[in-house]
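The values are calculated or read from the model by the stated rules, or taken from the named source; none is laboratory data. Not measured: the values here are computed from a predicted model. Please note: Cβ atoms are built from the backbone with ideal geometry, for glycine as well, and neighbour counts cover all protein chains shown. Quick note on the areas: whole protein, heavy atoms, side chains included, nothing else; ligands and nucleic acids left out. Shrake-Rupley method; radii C 1.70, N 1.55, O 1.52, S 1.80 Å.
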Amino acid sequence: MSEAIQVVGLYVRDQDEAYEFYVGKLGFKVHTDQRNGDYRWLTVQHPEQPGFQLGLFRPQPPVHDAVTAQTLNELVAKGAMPPLVMAVDDCRATYDRLRDKGVEFTQEPVARYGNVDANFRDPSGNGWKIVQEGA
Amino acid sequence: MTTGQSAPATPIPTGQDPRLLRRLLRAKDRIDAASHEDWPVSRLAAVSGVSVTHFAHAFRQAFGLPPHRYLLTRRIERAKALLRDTDRPVTEIAFDTGWNSLGTFGRTFRDVTDESPSAFRTRERSLTQGFDRVPACYLNAANRPDLNIAVSEKRRQDRDNKVPGSQAMEPL
(Lines give C-alpha, C1' and ligand atoms only; values in the text may rest on other atoms or scores of the structure.)
Protein backbone atom coordinates (compact mmCIF):
# COMPACT_ATOMS: atom_id res chain seq x y z
CA MET A 1 0.00 0.00 0.00
CA SER A 2 1.58 3.27 -1.09
CA GLU A 3 -1.08 5.67 0.08
CA ALA A 4 -1.95 5.73 3.77
CA ILE A 5 -1.94 7.87 6.86
CA GLN A 6 1.69 8.02 7.92
CA VAL A 7 1.94 10.25 10.99
CA VAL A 8 -0.59 11.47 13.50
CA GLY A 9 0.71 13.70 16.25
CA LEU A 10 -0.16 14.09 19.90
CA TYR A 11 0.74 17.03 22.05
CA VAL A 12 2.72 16.10 25.13
CA ARG A 13 3.93 18.40 27.88
CA ASP A 14 7.35 16.78 28.23
CA GLN A 15 8.94 14.66 25.50
CA ASP A 16 11.31 12.79 27.85
CA GLU A 17 8.35 11.81 30.00
CA ALA A 18 6.35 10.82 26.90
CA TYR A 19 9.29 8.75 25.58
CA GLU A 20 9.50 6.89 28.88
CA PHE A 21 5.76 6.26 28.81
CA TYR A 22 5.20 5.24 25.19
CA VAL A 23 8.45 3.29 24.79
CA GLY A 24 9.19 2.20 28.35
CA LYS A 25 5.67 1.36 29.48
CA LEU A 26 3.53 0.78 26.37
CA GLY A 27 6.36 -0.93 24.47
CA PHE A 28 6.25 1.23 21.34
CA LYS A 29 9.36 1.47 19.13
CA VAL A 30 11.13 4.72 18.37
CA HIS A 31 10.90 5.60 14.67
CA THR A 32 12.59 9.02 14.67
CA ASP A 33 14.16 11.03 17.44
CA GLN A 34 15.86 14.06 15.95
CA ARG A 35 16.82 17.19 17.80
CA ASN A 36 17.53 20.55 16.33
CA GLY A 37 18.38 22.97 19.08
CA ASP A 38 15.37 23.17 21.38
CA TYR A 39 13.18 21.41 18.81
CA ARG A 40 12.74 17.64 18.83
CA TRP A 41 10.96 15.52 16.23
CA LEU A 42 9.96 12.37 18.08
CA THR A 43 7.78 9.66 16.56
CA VAL A 44 7.05 6.17 17.84
CA GLN A 45 5.39 3.11 16.36
CA HIS A 46 3.23 0.31 17.58
CA PRO A 47 5.45 -2.78 17.24
CA GLU A 48 2.89 -4.46 14.98
CA GLN A 49 2.12 -1.40 12.86
CA PRO A 50 5.33 -0.36 11.10
CA GLY A 51 3.58 1.81 8.52
CA PHE A 52 2.20 4.26 11.06
CA GLN A 53 3.98 6.75 13.28
CA LEU A 54 2.60 8.42 16.35
CA GLY A 55 4.22 11.81 16.81
CA LEU A 56 4.94 12.96 20.36
CA PHE A 57 5.20 16.68 19.89
CA ARG A 58 5.66 19.46 22.37
CA PRO A 59 3.70 22.63 21.69
CA GLN A 60 6.47 25.19 21.67
CA PRO A 61 7.80 28.35 20.10
CA PRO A 62 8.50 29.16 17.33
CA VAL A 63 5.76 26.96 15.88
CA HIS A 64 3.41 28.34 18.50
CA ASP A 65 3.76 31.49 20.52
CA ALA A 66 4.21 31.03 24.26
CA VAL A 67 0.57 31.70 25.12
CA THR A 68 -0.73 29.28 22.52
CA ALA A 69 1.76 26.63 23.68
CA GLN A 70 0.63 27.10 27.27
CA THR A 71 -3.03 26.89 26.20
CA LEU A 72 -2.39 23.64 24.33
CA ASN A 73 -0.61 22.17 27.36
CA GLU A 74 -3.58 23.16 29.50
CA LEU A 75 -6.07 21.58 27.11
CA VAL A 76 -4.17 18.30 27.04
CA ALA A 77 -3.87 18.31 30.85
CA LYS A 78 -7.62 18.86 31.15
CA GLY A 79 -8.27 15.78 29.02
CA ALA A 80 -9.85 17.91 26.32
CA MET A 81 -8.10 16.24 23.38
CA PRO A 82 -10.01 13.63 21.36
CA PRO A 83 -9.75 10.00 22.48
CA LEU A 84 -7.28 7.53 21.01
CA VAL A 85 -8.26 3.92 20.48
CA MET A 86 -5.97 0.90 20.30
CA ALA A 87 -7.07 -2.61 19.33
CA VAL A 88 -5.80 -5.41 21.58
CA ASP A 89 -6.21 -9.19 21.50
CA ASP A 90 -6.81 -9.60 25.21
CA CYS A 91 -7.94 -6.50 27.06
CA ARG A 92 -7.61 -7.93 30.56
CA ALA A 93 -4.10 -9.27 29.90
CA THR A 94 -3.00 -5.93 28.45
CA TYR A 95 -4.60 -4.13 31.38
CA ASP A 96 -2.69 -6.31 33.88
CA ARG A 97 0.60 -5.87 32.07
CA LEU A 98 0.33 -2.10 31.70
CA ARG A 99 -1.05 -1.51 35.18
CA ASP A 100 1.90 -3.43 36.63
CA LYS A 101 4.20 -1.06 34.76
CA GLY A 102 2.49 1.89 36.41
CA VAL A 103 0.13 3.02 33.65
CA GLU A 104 -2.68 5.16 35.10
CA PHE A 105 -5.93 3.45 34.19
CA THR A 106 -9.09 5.50 34.40
CA GLN A 107 -11.42 2.58 33.75
CA GLU A 108 -10.87 -1.09 34.50
CA PRO A 109 -11.78 -3.65 31.80
CA VAL A 110 -15.54 -3.71 31.20
CA ALA A 111 -17.38 -6.19 28.97
CA ARG A 112 -20.16 -4.60 26.93
CA TYR A 113 -21.77 -5.06 23.55
CA GLY A 114 -19.53 -8.03 22.80
CA ASN A 115 -16.30 -6.08 23.44
CA VAL A 116 -14.04 -5.60 26.44
CA ASP A 117 -12.53 -2.15 26.88
CA ALA A 118 -10.45 -0.23 29.39
CA ASN A 119 -9.18 3.35 29.52
CA PHE A 120 -5.87 4.89 30.51
CA ARG A 121 -4.15 8.26 30.22
CA ASP A 122 -0.65 9.23 29.31
CA PRO A 123 1.26 11.51 31.71
CA SER A 124 0.25 14.62 29.76
CA GLY A 125 -3.47 13.82 29.88
CA ASN A 126 -4.15 12.19 26.50
CA GLY A 127 -6.83 9.54 26.90
CA TRP A 128 -6.57 6.07 25.40
CA LYS A 129 -9.11 3.31 25.10
CA ILE A 130 -7.99 -0.26 24.52
CA VAL A 131 -10.63 -2.42 22.88
CA GLN A 132 -10.83 -6.17 22.44
CA GLU A 133 -13.50 -6.80 19.83
CA GLY A 134 -15.72 -9.86 19.66
CA ALA A 135 -14.80 -10.98 23.16
CA MET B 1 0.39 51.66 34.22
CA THR B 2 2.22 54.74 32.92
CA THR B 3 2.60 55.37 29.22
CA GLY B 4 6.35 55.04 29.60
CA GLN B 5 6.10 51.33 30.38
CA SER B 6 5.93 49.01 27.43
CA ALA B 7 3.44 46.17 27.61
CA PRO B 8 4.90 42.71 27.07
CA ALA B 9 4.63 41.52 23.48
CA THR B 10 2.63 38.51 24.59
CA PRO B 11 0.53 38.56 27.74
CA ILE B 12 1.47 36.12 30.46
CA PRO B 13 -0.93 33.17 30.37
CA THR B 14 -3.44 33.51 33.17
CA GLY B 15 -4.36 29.84 33.04
CA GLN B 16 -3.60 27.15 35.57
CA ASP B 17 -0.38 25.15 35.69
CA PRO B 18 -0.77 22.12 33.38
CA ARG B 19 0.65 19.90 36.13
CA LEU B 20 -2.10 21.06 38.49
CA LEU B 21 -4.70 20.56 35.75
CA ARG B 22 -3.43 17.04 35.16
CA ARG B 23 -3.98 16.28 38.85
CA LEU B 24 -7.44 17.86 38.79
CA LEU B 25 -8.21 15.68 35.76
CA ARG B 26 -7.39 12.69 37.95
CA ALA B 27 -10.24 13.66 40.28
CA LYS B 28 -12.57 14.10 37.31
CA ASP B 29 -11.52 10.68 35.98
CA ARG B 30 -12.29 9.13 39.35
CA ILE B 31 -15.80 10.63 39.32
CA ASP B 32 -16.24 9.30 35.79
CA ALA B 33 -15.15 5.83 36.85
CA ALA B 34 -17.44 5.63 39.89
CA SER B 35 -20.12 8.33 39.79
CA HIS B 36 -22.37 6.22 42.04
CA GLU B 37 -19.93 6.65 44.93
CA ASP B 38 -19.89 9.54 47.36
CA TRP B 39 -17.36 12.20 46.35
CA PRO B 40 -16.99 14.73 49.14
CA VAL B 41 -14.54 17.51 48.37
CA SER B 42 -12.06 16.08 50.88
CA ARG B 43 -11.87 12.83 48.90
CA LEU B 44 -11.48 14.59 45.55
CA ALA B 45 -8.91 16.99 46.96
CA ALA B 46 -6.86 14.05 48.19
CA VAL B 47 -6.93 12.46 44.72
CA SER B 48 -5.64 15.69 43.21
CA GLY B 49 -3.13 16.46 45.92
CA VAL B 50 -4.77 19.87 46.41
CA SER B 51 -5.87 21.39 49.69
CA VAL B 52 -9.56 21.08 50.54
CA THR B 53 -9.76 24.87 50.63
CA HIS B 54 -8.59 25.30 47.05
CA PHE B 55 -9.99 22.22 45.36
CA ALA B 56 -13.53 23.30 44.44
CA HIS B 57 -12.39 26.64 43.06
CA ALA B 58 -9.53 25.08 41.08
CA PHE B 59 -11.82 22.37 39.69
CA ARG B 60 -14.43 24.89 38.63
CA GLN B 61 -11.82 27.10 37.03
CA ALA B 62 -10.48 24.12 35.09
CA PHE B 63 -13.68 22.42 33.99
CA GLY B 64 -16.28 25.16 34.08
CA LEU B 65 -18.55 23.79 36.78
CA PRO B 66 -18.19 22.88 40.45
CA PRO B 67 -17.30 19.27 41.27
CA HIS B 68 -20.62 18.37 42.89
CA ARG B 69 -22.50 19.56 39.81
CA TYR B 70 -20.15 17.64 37.52
CA LEU B 71 -20.90 14.54 39.58
CA LEU B 72 -24.60 15.22 39.16
CA THR B 73 -24.31 15.42 35.35
CA ARG B 74 -22.53 12.07 35.26
CA ARG B 75 -25.14 10.44 37.49
CA ILE B 76 -27.98 11.74 35.34
CA GLU B 77 -26.17 10.60 32.21
CA ARG B 78 -25.73 7.12 33.63
CA ALA B 79 -29.32 6.96 34.85
CA LYS B 80 -30.52 7.92 31.37
CA ALA B 81 -28.44 5.14 29.82
CA LEU B 82 -29.85 2.59 32.25
CA LEU B 83 -33.41 3.82 31.70
CA ARG B 84 -32.95 3.59 27.96
CA ASP B 85 -30.98 0.35 27.69
CA THR B 86 -32.35 -1.82 30.49
CA ASP B 87 -35.71 -2.89 31.88
CA ARG B 88 -34.62 -2.39 35.46
CA PRO B 89 -37.02 -0.67 37.85
CA VAL B 90 -36.51 3.07 38.36
CA THR B 91 -35.92 2.50 42.08
CA GLU B 92 -33.01 0.17 41.39
CA ILE B 93 -31.53 2.61 38.91
CA ALA B 94 -31.84 5.44 41.45
CA PHE B 95 -29.86 3.57 44.09
CA ASP B 96 -27.33 2.20 41.59
CA THR B 97 -26.51 5.65 40.26
CA GLY B 98 -25.76 7.08 43.69
CA TRP B 99 -28.98 8.51 45.10
CA ASN B 100 -30.11 7.69 48.61
CA SER B 101 -33.82 7.83 47.87
CA LEU B 102 -36.17 7.43 44.95
CA GLY B 103 -37.78 10.77 45.80
CA THR B 104 -34.53 12.72 45.57
CA PHE B 105 -33.64 10.98 42.32
CA GLY B 106 -37.02 11.63 40.71
CA ARG B 107 -37.09 15.26 41.79
CA THR B 108 -33.52 15.96 40.69
CA PHE B 109 -33.99 14.14 37.38
CA ARG B 110 -37.10 16.22 36.66
CA ASP B 111 -35.43 19.45 37.70
CA VAL B 112 -32.49 18.80 35.41
CA THR B 113 -34.16 17.22 32.37
CA ASP B 114 -37.71 18.61 32.63
CA GLU B 115 -39.26 15.16 32.50
CA SER B 116 -39.66 12.27 34.89
CA PRO B 117 -37.45 9.16 34.66
CA SER B 118 -40.34 7.03 33.41
CA ALA B 119 -41.39 9.63 30.84
CA PHE B 120 -37.80 9.76 29.58
CA ARG B 121 -37.76 5.97 29.30
CA THR B 122 -41.02 5.86 27.36
CA ARG B 123 -39.97 8.62 24.98
CA GLU B 124 -36.49 7.20 24.30
CA ARG B 125 -37.88 3.76 23.53
CA SER B 126 -40.29 5.14 20.96
CA LEU B 127 -37.36 6.51 18.95
CA THR B 128 -35.70 4.36 16.32
CA GLN B 129 -32.07 3.89 17.20
CA GLY B 130 -29.47 3.77 14.46
CA PHE B 131 -26.27 4.28 16.34
CA ASP B 132 -24.75 0.79 16.30
CA ARG B 133 -21.43 2.05 14.99
CA VAL B 134 -20.99 4.90 17.46
CA PRO B 135 -19.21 3.98 20.71
CA ALA B 136 -21.59 3.83 23.66
CA CYS B 137 -19.61 6.39 25.65
CA TYR B 138 -20.20 8.92 22.88
CA LEU B 139 -23.90 8.21 22.76
CA ASN B 140 -24.16 8.57 26.51
CA ALA B 141 -22.20 11.81 26.55
CA ALA B 142 -24.82 13.28 24.22
CA ASN B 143 -27.31 12.64 26.99
CA ARG B 144 -25.25 14.41 29.64
CA PRO B 145 -27.10 17.47 30.91
CA ASP B 146 -25.38 20.77 30.24
CA LEU B 147 -25.75 22.12 33.74
CA ASN B 148 -24.36 25.60 33.38
CA ILE B 149 -26.38 26.82 36.35
CA ALA B 150 -27.01 25.28 39.75
CA VAL B 151 -29.99 22.96 40.01
CA SER B 152 -31.49 25.20 42.70
CA GLU B 153 -31.22 28.17 40.34
CA LYS B 154 -32.78 26.19 37.47
CA ARG B 155 -35.59 25.13 39.78
CA ARG B 156 -36.19 28.74 40.76
CA GLN B 157 -36.19 29.92 37.14
CA ASP B 158 -38.61 27.19 36.09
CA ARG B 159 -40.91 28.10 38.95
CA ASP B 160 -40.80 31.79 38.15
CA ASN B 161 -41.62 31.11 34.54
CA LYS B 162 -44.67 29.11 35.49
CA VAL B 163 -46.19 31.46 38.05
CA PRO B 164 -48.29 34.23 36.49
CA GLY B 165 -47.52 37.65 37.83
CA SER B 166 -44.02 36.81 39.02
CA GLN B 167 -41.02 38.98 38.19
CA ALA B 168 -40.23 36.72 35.24
CA MET B 169 -43.51 37.76 33.58
CA GLU B 170 -42.75 41.41 33.09
CA PRO B 171 -44.81 43.02 30.34
CA LEU B 172 -42.91 43.75 27.15
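Residues A:48, B:115, sorted by accessible area with the largest first, give A:48, B:115 [1.4 Å probe; ligands and nucleic acids excluded].
Close amide H pairs (under 5 Å, H built 1.01 Å from N) link residue A:86 with A:129, A:130, A:131, residues at least 5 positions away or on another chain. The mean number of Cβ atoms from other chains found within 10 Å of a Cβ in peptide A:112-125 is 2, as a whole number. Each part gets one Cα centre, and for the range A:50-111 versus the range B:87-129 those centres are 34 Å apart.
If R0 equals 35 Å, the separation of the Cβ atoms of residue B:110 and residue B:33 corresponds to a calculated FRET efficiency of about 0.85. Peptide A:62-73 is shielded by partner chain Cβ atoms: per residue, an average of 3 of them sit within 10 Å of its Cβ.
Take each residue in A:78-88, count the other chain C-beta atoms within 10 Å of its C-beta, and the mean is 3. Here residue A:29 is the anchor, and the lysines within straight C-alpha reach of less than 17 Å, apart from those fewer than 8 places off in the same chain, are A:101.
Ordered by 1.4 Å accessible area with all protein chains kept, B:149, A:130, A:5 run largest first as A:5, B:149, A:130. Can you tally the net charge around residue A:12? Count Lys and Arg as +1, Asp and Glu as -1, for every other residue whose Cβ sits under 12 Å from the Cβ of residue A:12. Here the charged neighbours net out to 0. Summing Lys and Arg as +1 and Asp and Glu as -1 over all other residues whose Cβ lies under 10 Å from the Cβ of residue A:27 gives a net charge of +4. Take the Cα of residue B:146, step 7 Å toward its Cβ, do the same at residue A:14, and the gap between the two points is 3.7 nm. If the segment from residue A:115 to residue A:92 were pulled out straight at 0.36 nm per residue, it would be longer than the present Cα-Cα gap by 7.1 nm.
The stretch between residue A:85 and residue A:4 holds 27.4 nm of extra length on full extension. This uses 0.36 nm per residue minus the Cα-Cα distance.
Between residue A:9 and A:55, the built amide H atoms are under 5 Å apart, and every one of these is 5 or more places off in sequence or on another chain. Rounded to the nearest whole Hz, the Karplus-based 3J(HN,Hα) values (6.51 cos²θ - 1.76 cosθ + 1.60, θ = phi - 60°) of the range A:13-20 follow the sequence 6, 9, 6, 5, 5, 5, 4, 4, with x at glycine and proline. Applying the Karplus relation 6.51 cos²θ - 1.76 cosθ + 1.60 with θ = phi - 60° to the range A:66-81 yields 3J(HN,Hα) values of 4, 5, 5, 4, 4, 4, 5, 4, 5, 4, 4, 5, 8, x, 8, 7 Hz, where x marks Gly and Pro. Taking θ as phi - 60°, what are the ³J(HN,Hα) couplings along the range A:24-31 by the Karplus curve (6.51, -1.76, 1.60), each to the nearest whole Hz, with x for Gly and Pro? Here the 3J(HN,Hα) series is x, 9, 7, x, 6, 9, 7, 8 Hz.
With contributions of -39500 (n - 2.57) from each DSSP H run of at least four residues, the per-residue ellipticity at 222 nm computed over chain A stands at -5500 deg cm²/dmol. In this structure, the amide hydrogen of residue A:121, modeled 1.01 Å from its nitrogen in the peptide plane, lies closer than 5 angstrom to those of A:104, A:106, A:128, counting only residues at least 5 positions away or on a different chain.
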